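Below: the structure, in C-alpha cells.
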Amino acid sequence: MRTAYNVETVRAAERELMARLPEGALMQRAAAGLAAACADLLGRVYGRRVVLLVGSGDNGGDALYAGARLARRGAGVAAVLLAPERAHPAGLAALRRAGGRAVGVEGAERLIEQADLLLDGIVGIGGKGGLRPDAARLAEAAERSRAAVVAVDLPSGVDADTGEVRGAAVRADLTVTLGTHKPGLLIDPAREYAGSVRLVDIGLSLPPQAELEALQHADVRRLLPVPGGESDKYRRGVVGIAAGSARYPGAAVLAVYGALRGGAGAVRYVGPAADAVIARFPETLVSDRGPKHAGRVQAWVVGPGAGDDASAVGEVLASEVPVLVDADGLRLADRDAVRARTAPTLMTPHAGEAAALLGVPREEVEGARLASARELAGRYGATVLLKGSTTLVADAGGGAVRVNPTGTAWLATAGSGDVLSGLAGSLLASGLSALDAGSVGAYLHGLAGRFAADGAPVGAHDVAEAVPAAWRDVTDA
Ligand SMILES: NC(=O)C1=CN([C@@H]2O[C@H](COP(=O)(O)OP(=O)(O)OC[C@H]3O[C@@H](n4cnc5c(N)ncnc54)[C@H](O)[C@@H]3O)[C@@H](O)[C@H]2O)[C@@H](O)CC1
Ligand SMILES: Nc1ncnc2c1ncn2[C@@H]1O[C@H](COP(=O)(O)OP(=O)(O)O)[C@@H](O)[C@H]1O
Ligand SMILES: [K+]
C-alpha cells in the first residue's frame, strides 16, 4: 500500500525525529536524496548548469544543500534567491563553499533559460495559498525553459493536503518527496504538476492511519475473491443489476458486461432492456418484475441508464443487501433513504453528478476532489467513489481515503462508468466491503482501460473485455 500523510502529521513526525538527531541531519538526508535524483536525471553532473529556485524556508534550504553537493561534483550551480536576506543561512554558506553563487530575482530569467536543470525550492509544505507574484514569475519562467525541472518535496504552488492549485505553480518533470507522499502528489489537479514522484526516506515514523492510501498489485491480489472447492454460483454471490431504459438499453448491457467479469457467481438483470442483455449475454438471469420480486441477490447495482425510473431505485435502497448507486440513480436516490440503510451503500458519481448532489459548480468538485468526496460521503452516510482523472473512494466514517493509481484518460469514453458499476457491484456481491469493492473495482477498471487502449481510443466494451487480463496481471504478479 502506498500512503500519503497531511502536513500536520508530517510536521509532528519531523519534530519527533529532529529531537533525536543532531541539528541539520534531516536536511542533509533530504539533500543527499535530492542530489542523487538530480544526478540520475542529468546522467553526467560535471559541467552541467544547475539553477536553484530558493524561497525563504527549509524547502529552499534543501535546495541549497543539494546544490552544494552537485557543485562539488563539478556542476555550475547558481541559486536564485527570492528573499536574499532570509535564505537559509547555513545552506547558502554551504553552496558558496562548494563554489556555487547566488543572485537575486532580477536577471534570473536568463539563467533559467540557459539551465540544464532547475531545482524548485521555492516552497514546500509551508506554502500558503497561491504563489506570491515574485515566486509565480519564477514558476512561469521555469515552464518556458527547456531545462529538466525537479521539485523539492512538492511542486511550489500546489496545496500539499488537498491537491488544489491556485494560480501559477511549478510544473516538474520529477518531484523528490521527503519522508512520505503528500496527498496533493496523488490527486489532480496538483498531481499533474508533480511529474514522476520519487520518495526519499528520511526516517520519519508515521502513524498507522494515513490520510490517503493507494492500493498496489499485492493489496488487490489479497482482496480479490477466489472460488474454492466448496464454491457454487450462489455462494460466490449473485449481483443484481437494475439499469437501462428504452432510451439507454446499452447501459444495461455494459453494466452486466462488467458484472460478469467481477467475480460474482451469477448476474441477475431487471429492467426494460432484458432482450438486449440476453442477446449479448445468455448467461444472465433476467426478470421483468422489478427488483423486489427478482429473486435473491447479495448486492444490487442501480442507476446506469435508468432514466427516470425512481421506483427501482427506491426498491433497491429498501433492500438489506449492499447497494451501488450510479448515474441516474444518484439523482433519484432519496438522501434520507440512503442514510437510513443498514447495509453498505456505494455511490459512484463523476464530478458533474457529485456537484449536482452537493449543490456546487462542477469546477469546485474538480478543484477539490478530496474534500468533495468526504463531504458527500458524510452527507449521505455512504461510501463515495468519485470518478474522473483521479478516482477517490471515501467512507462516511472517515479513515484513509483510497486513491486509484491505475487508469488512463482513454477511459473518458461513453459507457465506461457503466462497466465500472457492474464490476464493483459484482465485487460487493462477492463479499468485499464498499471501500474495497470500489477501490478494487476502480483499480481493475483502470488497468483494463490501459490494456485495452494501449495508446489508442477504445469503447467501453473493450474495457470490459480487458478486465480478465487485468485480473490475471494482478494475480500473476
Ligand atoms: N518536514 C520534514 O520532515 C522535513 C522538511 N524539510 C523541508 O522543509 C520544507 C518545509 O519548510 P518550511 O516549514 O520552512 O516551509 P517552506 O520552505 O515550505 O515555506 C515557507 C516559506 O515560504 C514562504 N511562502 C509561504 N507561502 C508562500 C507563497 N504562497 N508564495 C511565496 N512564498 C511563500 C514563507 O514566507 C516562508 O518563508 C519541506 O517542504 C521540506 O522541503 C526537509 O528539510 C527535511 C525534513
Ligand atoms: N481524464 C480521465 N482520466 C482517467 N480516467 C477518467 C478520466 N475521465 C473519466 N475517467 C474514467 O472513465 C470512467 C467514466 O465514467 P462516467 O463518467 O460514469 O461515464 P459514463 O457515464 O459514460 O459511463 C470513470 O471510471 C472515470 O474515472
Ligand atoms: K518545492
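Coordinate-derived values only; no laboratory data. Since the structure is predicted, the reported quantities are computational estimates derived from the model, not experimental observations. Positions of Cβ are backbone-derived with ideal geometry, glycine not excepted, and every protein chain shown enters the neighbour counts.
Couple of notes before you dig in:
- Ratio of Rg to Rh for segment 217-476: 0.93 [Cα atoms; Kirkwood radius as inverse mean 1/r over pairs].
- Packing-based exposure ordering (other Cβ within 10 Å, fewest first) of S231, S416, S439: S231, S416, S439
- Ranked V316, V80, V458, V7, criterion: other C-beta atoms within 10 Å, fewest first: V7, V458, V80, V316
- Remark: segment 71-189 is approximated by an ellipsoid whose semi-axes, taken from the C-alpha gyration tensor as √(5λ), come to 23, 16, 14 Å, largest first.
- Each Cα pair under 8 Å and six or more residues apart adds its sequence gap; the mean of these over the residue count of segment 2-214 is a relative contact order of 22 percent.
- The Cα center of segment 16-86 and the Cα center of segment 370-405 differ in position by 37 Å.
- Positive end of the dipole of the chain (Cβ unit charges, origin at the Cα centre): among L199, V474, A115, the Cα lying farthest that way belongs to A115.
- Taking every DSSP helix (H) stretch of at least 4 residues in the chain, weighting each as -39,500 (n - 2.57) and dividing the sum by the residue count yields a mean residue ellipticity at 222 nm of -12500 deg cm²/dmol.
- On the beta carbon distance between E106 and S231, with R0 = 51 Å, the FRET formula returns roughly 0.10.
- All-pairs Cα distance distribution in segment 344-398, expressed in whole percent, bin size 10 Å: 31, 61, 8
- For V80, net neighbour charge (Lys/Arg +1, Asp/Glu -1) across residues whose Cβ lies under 13 Å away: -1
- Neighbour net charge for R450 - beta-carbon separation under 12 angstrom, K R +1, D E -1: -3
- Longest exposed-site-free window of the chain, the sites being GluC sites (Glu not before Pro) in a DSSP loop that have at most 10 other C-beta atoms within 10 Å: 321-477
- Contour minus Cα-Cα distance for D476 and R72 (0.36 nm per residue): 140.9 nm
- Options L52, G303, H350, ranked by Cα towards positive dipole end of the chain, top entry (Cβ charges): L52
- Difference of contour (0.36 nm per residue) and Cα-Cα distance, A19 to S196: 60.5 nm
- Dipole magnitude (debye, nearest 20) for segment 142-246, charges at Cβ of Lys, Arg, Asp, Glu: 340 debye
- For the chain, dividing the convex hull volume of the Cα atoms by the residue count gives 149 Å³ per residue.
- Among the trypsin sites (Lys or Arg not before Pro) within segment 78-177, those in coil by DSSP and having at most 13 neighbouring Cβ atoms inside 10 Å are K128, R146, R166.
- Total formal charge among the other residues, if their Cβ is under 15 angstrom from that of V45, Lys/Arg +1 and Asp/Glu -1: +4
- Annotation: average projected area of segment 326-439 is 6.7 square nanometres, based on the convex hull of Cα atoms across all directions.
- Placing +1 on the Cβ of every Lys and Arg and -1 on the Cβ of every Asp and Glu, with no other charges, gives segment 155-203 a dipole of roughly 80 debye about its Cα centre.
- Segment 217-476, dipole about Cα centre (Lys/Arg Cβ +1, Asp/Glu Cβ -1), debye to the nearest 20: 400 debye
- Cβ-based exposure ranking for F451, F281, in which fewest neighbours within 10 Å come first: F281, F451
- Straight Cα distances below 27 angstrom link K387 to the lysines K182, with same-chain residues fewer than 8 positions distant left out.
- Stretching R362 away from E143 to a fully extended chain increases their span by 76.1 nm, per 0.36 nm per residue minus the current alpha-carbon distance.
- Cα gyration tensor of segment 171-312 - equivalent ellipsoid semi-axes, whole Å, descending: 42, 21, 13
- 27 Å Cα-Cα reach of K292 towards lysines, excluding residues that sit fewer than 8 places from it in its own chain: K233
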